[in-house]
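What follows is a short report on a single structure.
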Amino acid sequence: MPTHAEKRILRYTPEQLFALVADVRRYPEFLPWCVGARVITQTETELTADLTIGFKMFRETFRSRVILDRPHEVRVSYENGPFRYLNNTWKFIPHEAGTEVDFFVDFEFKSALLQAVIGMVFNEAVRMMVRAFERRAMMLYGRNNSRPAAPEPAQS
């Protein structure tokens, strides 16, 4: 039931942002409440992973299938765990200032208690997660525009 959609322009290439989001193994290094990540299977176009989230007294692990459409989109579909459903999509659209990132998440927990606890902080939690990805991009790729500069005209 909680749904969040957000669009942002970031000064990185679609390839850089795609690589950051697709690197699920590294999520515990920077993503709030992600306390574990294990990739079960992986190919060039798909991976299956278990993520463990911890929030206050709650700790839950869930499995997702992640479709990798390099460098345009990352689609997450839920396989099993504490949710009734989970849908998450990242789209990376080239933009003159870098990349337009179109983020969407929609989910519902099976537990009414967990749903109520998360529901109270959902919007702020999702904003924090999106900011964590932005900070990770700055850390990996720098603060400046990472798009290649246009070649300068040759001197005659």
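Here are some notes:
- Each Lys or Arg adds one and each Asp or Glu takes one away; over the other residues whose Cβ falls under 11 Å from the Cβ of Glu73, this sums to +1.
- Residues Arg143 and Glu100, FRET efficiency given R0 of 22 Å [Cβ-Cβ distance, rounded to 0.05]: 0.70
- Segment Val117-Thr89, length gained on full extension (0.36 nm per residue, minus Cα span): 7.7 nm
- Set of lysines with alpha-carbon distance to Lys91 below 23 Å, sequence-local pairs under 8 removed: Lys7
- Of the GluC sites (Glu not before Pro) found in segment 1-90, those in coil by DSSP whose Cβ has at most 15 other Cβ atoms within 10 Å are Glu44.
- Sequence-distant contacts, meaning Cα pairs under 8 Å at least 6 residues apart, place the relative contact order of segment 22-103 at 17 percent.
- Using a Förster distance of 22 Å, the FRET efficiency for Glu79-Val35 (Cβ separation, nearest 0.05): 0.70
- Partner lysines whose Cα lies under 23 Å from the Cα of Lys56, excluding those fewer than 8 positions away in the same chain, are identified as Lys110.
- Of the trypsin sites (Lys or Arg not before Pro) in segment 1-56, those whose Cβ has at most 15 other Cβ within 10 Å and which sit in DSSP loop: Lys56
- For the chain, the longest principal axis of the Cα atoms and the long axis of helix 112-141 meet at an angle of about 20 degrees.
- Surface composition of segment 3-142: carbon plus sulfur atoms contribute 53% of the solvent-accessible area (1.4 Å probe, protein chains only, all chains present).
- Note on semi-axes √(5λ) of the Cα gyration tensor in Å: of the candidates [x] 24, 18, 16; [y] 35, 17, 12; [z] 32, 16, 14, the value calculated from this structure sits at [z].
- Pairwise centroid distance, computed over Cα atoms, of segment 5-66 with segment 81-143, Å: 10
- Pair Arg135, Thr45: separation of 7 Å Cα→Cβ label points (nm): 3.6
- Expected 222 nm ellipticity per residue - DSSP helices of 4 or more, -39500 (n - 2.57), all of the chain, to 500: -9000 deg cm²/dmol
- As a length-normalised measure over Cα pairs under 8 Å and 6 or more apart, the relative contact order of the chain settles at 27 percent.
The values are calculated or read from the model by the stated rules, or taken from the named source; none is laboratory data. Predicted model only: the values in this text are computed from it and were never measured. Reconstructed Cβ throughout: ideal geometry from the backbone, glycine too, with neighbour counts over all protein chains shown. In case anyone asks, the SASA skips ligands and DNA or RNA and just uses the protein heavy atoms, side chains included. Shrake-Rupley method; radii C 1.70, N 1.55, O 1.52, S 1.80 Å.
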